[in-house]
Amino acid sequence: MAMQDTLFTRQLPADQFREQTDPVLQLENINVSFDGFQALTNLSMRIGVGELRCVIGPNGAGKTTLMDVITGKTRPQSGQAVYDQSVDLLRLNSVEVARKGIGRKFQKPTVFEALSVFENLEIAQKTHKGVWATLRARLNSEQRDRIDSVLALLHLSQERHRAAGALSHGQKQFLEIGMLLVQEPHLLLLDEPAAGMTDAETEYTAELFRGLAGQHSLMVVEHDMGFVETIADSVTVLHHGQVLAEGSLAEVQANEQVIDVYLGR
Ligand SMILES: Nc1ncnc2c1ncn2[C@@H]1O[C@H](COP(=O)(O)OP(=O)(O)OP(=O)(O)O)[C@@H](O)[C@H]1O
């Protein structure tokens, strides 16, 4: 069995009937305003099962607000957000959203610096299951195997006993992705994952995401167009809180409005 297979989200009985075209996430006419400022306007988009979607757009376009809505941090004034075709995300808080299988990585890595790499993954795995009380309990072999595969996948096996604070910036970013993967998410939201990485780390991140897609659905917010070009199945361009264009990378790159507001001539 390939390592990637062992990382597959535990299948639900219904999964065998699902197609990649089934939406894992459906947003319909989302509106968010802050004190009268309209941050998202009638925003609709859907992400398919196993799809790798990049979201691009100028500063202030609403990319972070979009992720905040999906993860229960910001409540829209109106609209619908349905996960996995049945879960109404707008009724859930951030913790409940995470438990449903939506993992989010913020731009700045937030690992526990004083703990080892392994302990960071262990805590992520245990707290996800809501078992703070049993934090001292030993991991079962399945959990340990999963941590080992995640360490290998992220090229962190050699660092397992090192304090997370001693890792390079790029390695911390990988560790944080690992902290999501041990929770077996269906949908991963990643905010500028390649920011501050070396060229080699960026290249490996691209390879990693390509490997994760198919087994997980990914929404990647990214400014680095080179990175977007290497990973994107499909791209959504946001502008002034609205979807300006959506399609394959080639399609959005050829779109005159996208060139004007974002890519430049
Ligand atoms: N809590 C808030 N209160 C008021 N305005 C906000 C709030 N959060 C976001 N905004 C505004 O909403 C708009 C969209 O912001 P958002 O952070 O979603 O954009 P972004 O596309 O993520 O930008 P960047 O690429 O700079 O991260 C911005 O004009 C921002 O100033």
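The values are calculated or read from the model by the stated rules, or taken from the named source; none is laboratory data. Here the structure is a predicted model, which is why all the values come from computation and not from measurement. Every residue, glycine as well, gets a Cβ built from its backbone with ideal geometry; the counts of neighbours run over all protein chains shown. Accessible surface areas use protein heavy atoms only, side chains included; no ligands, DNA or RNA. Shrake-Rupley method; radii C 1.70, N 1.55, O 1.52, S 1.80 Å.
Considering each residue of the stretch 26-38, count those that are surrounded by fewer than 22 Cβ atoms within 10 Å (Cβ to Cβ), within 12 Å of the ligand (Cβ to nearest atom) and assigned to a strand (DSSP E or B), and give that number.
4
In the stretch 96-127, how many residues are open to solvent by less than 40 Å² (accessible area, probe 1.4 Å), touching a helix residue (DSSP H, G or I) at 6+ places or on another chain (Cβ under 9 Å) and in a loop (DSSP other than H, G, I, E, B)?
The qualifying residues number 2.
Could you tell me how many of the residues in the stretch 99-119 are over 20 Å from Leu190 (Cβ atoms) and among the aliphatic types (A, V, I, L, M)?
2
Give the stretch 128-145 a look and list any residue that's part of a helix (DSSP H, G or I) and either at pLDDT below 85 or surrounded by 13 or more Cβ atoms within 10 Å (Cβ to Cβ) (or both), or say none.
Within the stretch 128-145, His128, Trp132, Ala133, Thr134, Ser141, Glu142, Gln143, Arg144 qualify.
Return the residue satisfying two criteria in turn: it lies in the stretch 47-86 and is surrounded by fewer than 21 Cβ atoms within 10 Å (Cβ to Cβ) and basic (Lys, Arg), and of such residues it is farthest from Gln26 (Cα to Cα).
By that ranking, first place goes to Lys73.
Kindly indicate whether any position in the stretch 194-208 is over 14 Å from Lys105 (Cα atoms), open to solvent by 10 Å² or more (accessible area, probe 1.4 Å), of a type in the set (S, T, N, Q) and in contact (Cβ under 8 Å) with a residue 40 or more places away in the chain.
Looking through the stretch 194-208, none of the residues is over 14 Å from Lys105 (Cα atoms), open to solvent by 10 Å² or more (accessible area, probe 1.4 Å), of a type in the set (S, T, N, Q) and in contact (Cβ under 8 Å) with a residue 40 or more places away in the chain.
Restricting attention to the stretch 212-238, which residues are crowded, with 18+ Cβ neighbours inside 10 Å and part of a strand (DSSP E or B)?
Listed by number, the residues that qualify are Ala213, His216, Ser217, Leu218, Met219, Val220, Val221, Val235, Thr236, Val237, Leu238.
Would you confirm whether any residue within the stretch 87-95 is open to solvent by 20 Å² or more (accessible area, probe 1.4 Å), within 13 Å of the ligand (Cβ to nearest atom) and part of a loop (DSSP other than H, G, I, E, B)?
Taking every residue of the stretch 87-95 in turn, none turns out to be open to solvent by 20 Å² or more (accessible area, probe 1.4 Å), within 13 Å of the ligand (Cβ to nearest atom) and part of a loop (DSSP other than H, G, I, E, B).
Run down Gly241, Gly178 and say which single residue is open to solvent by less than 10 Å² (accessible area, probe 1.4 Å) and either over 17 Å from the mean Cα position of the chain (by Cα) or of a type in the set (Phe, Trp, Tyr) (or both).
Working: Gly178 fails: either over 17 Å from the mean Cα position of the chain (by Cα) or of a type in the set (Phe, Trp, Tyr) (or both).
That would be Gly241, the only listed residue that is open to solvent by less than 10 Å² (accessible area, probe 1.4 Å) and either over 17 Å from the mean Cα position of the chain (by Cα) or of a type in the set (Phe, Trp, Tyr) (or both).
Confirm whether Val235 is touching a residue at least 40 places away in the same chain (Cβ under 8 Å) and within 16 Å of the ligand (Cβ to nearest atom). It would help to see each step written out before you state the result.
Working: touching a residue at least 40 places away in the same chain (Cβ under 8 Å): yes; within 16 Å of the ligand (Cβ to nearest atom): yes.
Yes; evaluated as a whole, the condition is true for this residue.
Being among the polar types (S, T, N, Q) and touching a residue at least 40 places away in the same chain (Cβ under 8 Å) is the filter here; which residues of the stretch 60-88 pass it?
Across the stretch 60-88, the qualifying residues are Thr64, Thr65, Thr71, Thr74, Gln77, Ser78, Gln80, Gln85.
Listed residues Asp22, Asp68; which is modelled with pLDDT under 95 and in contact with a strand residue (DSSP E or B) (Cβ under 9 Å, 6 or more places away or on another chain)?
The unique qualifying residue is Asp22.
On the given criteria, is Glu184 surrounded by fewer than 19 Cβ atoms within 10 Å (Cβ to Cβ) and acidic (Asp, Glu)? Before the answer, list the steps.
Values: surrounded by fewer than 19 Cβ atoms within 10 Å (Cβ to Cβ): yes; acidic (Asp, Glu): yes.
When the stated conditions are applied, Glu184 passes them.
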